[in-house]
Amino acid sequence: MHQMDTAAELYDRYAAQVYALARRIVRDDGDAEDVVQEVFAQAWRTASTYDWSRGSVIGWLLMMTRTRAIDKLRSRRSRPDGDASIPPDSLPAAAVPDIVLAAEQASIVREALLALPEPQRTALELAYYEGLTQAEIAERLAEPLGTIKTRMRTALTTLRARLRA
Amino acid sequence: MERHDDYSALLTDYVLGELGAEDRRRVDEHLAHCAECAAQARELGLAFQGIGFAAEPIAPRPELRARVLATLSAQQAGPSGEVRRAAGVGYGPLALAAGLAALALGGALIVSYQRSAVLQEELTERGRLQAKLEKLADMGADREDLAAAILTAPDTQRVDLAPLKSSLDTVAQAYWHPKRGLLLVVDRMPKPPPGRVYHVWLSYDGGRPPTSVGSIQFRSAGRGVLIAAVPRGFTGGPARILVTDEPEGGPVGLPTGNKYLVGP
């Protein structure tokens with residue numbers, strides 16, 4: 001069936017990146033798998049309403065992944081830690097070039113993040129991976145809100161410049 | 001009445017999703033007619049979104065694939081029309097190209113078509129590009145542009161490489177363009193023997209010696225990429241692409257090591 005080929009292709013191309021980000025945020029393989037399922041289900045339902053001129057498929061999927069993963073993180077806070085870790089699989093052959101190039105890109109983004117001064121990187125990571133607001137970050141780090149806001153702005157601007165370089 | 005600077009100061013909050021509905025609406029209205037703020041908001045948003053790309057891809061187990069596909073199938077015919085593909089092409093090598101193009105349009109990462117066009121003009125100076133490619137420090141932006149140039153060409157050929165030892169479960173694919181160059185990706189490649197690196201060759205029928213292309217760069221265990229311009233002085237098409245292990249400093253002349261992968 002043509003559409004199911006598309007669904008399989010969509011999954012094969014992007015699941016590794018979606019899963020990796022979900023896992024990074026929720027730190028639990030079982031919950032990460034749930035997030036992957038939710039993301040692809042949502043993507044499949046809403047694809048026709050997405051404005052492709054706004055950005056790429058993978059950018060859209062990763063945005064959804066972050067939102068759902070942070071929701072799961074929050075809903076889990078009162079529960080004990082999840083399953084034992086599930087070993088990852090090897091890559092489906094059809095998706096190898098996509099994923100290997102994605103791994104290249106991942107490495108480049110990580111280097112750009114590591115090149116940031118540590119306070120800036122920490123602020124970005126707390127915002128992105130834990131979903132903290134700037135006010136929450138200020139409280140967590142015992143720093144003034146204004147300082148955190150300036151730091152975030154600088155961090156984002158610098159990161160953008162590095163990724164474009 | 002708010003001044004432009006007031007909106008500019010709000011942009012980080014806006015991009016992080018921390019504004020209330022009323023403030024967000026006012027910023028949206030401002031962005032609709034302020035190109036400077038719109039550009040700044042876009043840059044900040046793309047940087048924040050870019051963080052999501054930092055996670056090293058990890059393939060989940062097959063059970064998840066079955067589960068997800070069953071879910072999508074149960075959702076019946078999916079969205080109206082299938083998932084719209086970037087640039088209207090399907091999947092496979094062209095779609096990877098479209099995917100990279102879409103990344104460029106999304107701006108989340110490095111490749112841009114404008115820069116690709118400039119780079120393609122530079123491609124006629126093969127020697128300069130080859131030297132640049134060989135400098136590890138330059139690998140980031142230049143390699144991405146060259147990869148895009150190879151993948152977006154309509155006459156690029158895809159070559160699947162097969163392992164020469166039955167014990168290897170390496171997956172390897174190459175994209176060859178006679179003018180733009182070679183993109184080769186490998187996964188599940190074992191560690192090379194100590195003091196040796198994996199090197200790529202173009203080989204021919206009829207006794208002509210193989211041409212050296214370059215060494216595969218590995219950023220994580222088993223997964224590597226080679227992106228290279230067509231070797232200087234190279235003419236004609238190769239009969240085969242070959243991967244061997246060679247001394248760390250690079251081969252001198254002909255392949256000397258074990259053969260690992262060959263294609264087609």
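Yes/no per residue for (1) closer than 29 Å to residue A:103 by Cβ; (2) crowded, with 21+ Cβ neighbours inside 10 Å; (3) over 22 Å from the mean Cα position of the chain (by Cα); (4) modelled with pLDDT of 90 or more:
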position	(1), (2), (3), (4)
B:31	no, no, yes, yes
B:36	no, no, yes, yes
B:41	no, yes, yes, yes
B:50	yes, yes, no, yes
B:72	yes, yes, yes, no
Discussion item. For segment A:135-160, give me each residue that is free of Cβ contacts under 8 Å to residues at least 40 places away in the same chain and touching a Gly at 6+ places or on another chain (Cβ under 7 Å).
Written reply: none
Response to the item:
Given (1) of a type in the set (A, V, I, L, M); (2) assigned to a loop (DSSP other than H, G, I, E, B); (3) modelled with pLDDT under 70, residue B:168 misses just (3)
Response to the item:
Flagged in segment B:173-222 as among the small types (Gly, Ala, Ser) and within 13 Å of chain A (Cβ to nearest Cβ), in numbering order, are B:174, B:220, B:221, B:222
Discussion item. Any residue at all in segment B:206-220 that's more than 18 Å from the chain's Cα centre (by Cα), among the hydroxyl-bearing types (Ser, Thr, Tyr) and more than 21 Å from residue B:176 (Cα to Cα)?
Written reply: no
Worksheet item: What helices (runs of 4 or more DSSP H), lying completely within segment A:10-120, carry at least 3 residues that are at pLDDT 95 or above?
Response: A:29-46, A:57-76
Discussion item. I need a count of the residues in segment A:126-135 that are touching a Leu at 6+ places or on another chain (Cβ under 8 Å), facing another protein chain (nearest Cβ under 10 Å) and in a helix (DSSP H, G or I).
Written reply: 3
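The values are calculated or read from the model by the stated rules, or taken from the named source; none is laboratory data. All of these numbers come straight from a predicted model, not from anything done at the bench. Here Cβ is always computed from backbone atoms with ideal geometry, including for glycine, and neighbour counts include all displayed protein chains.
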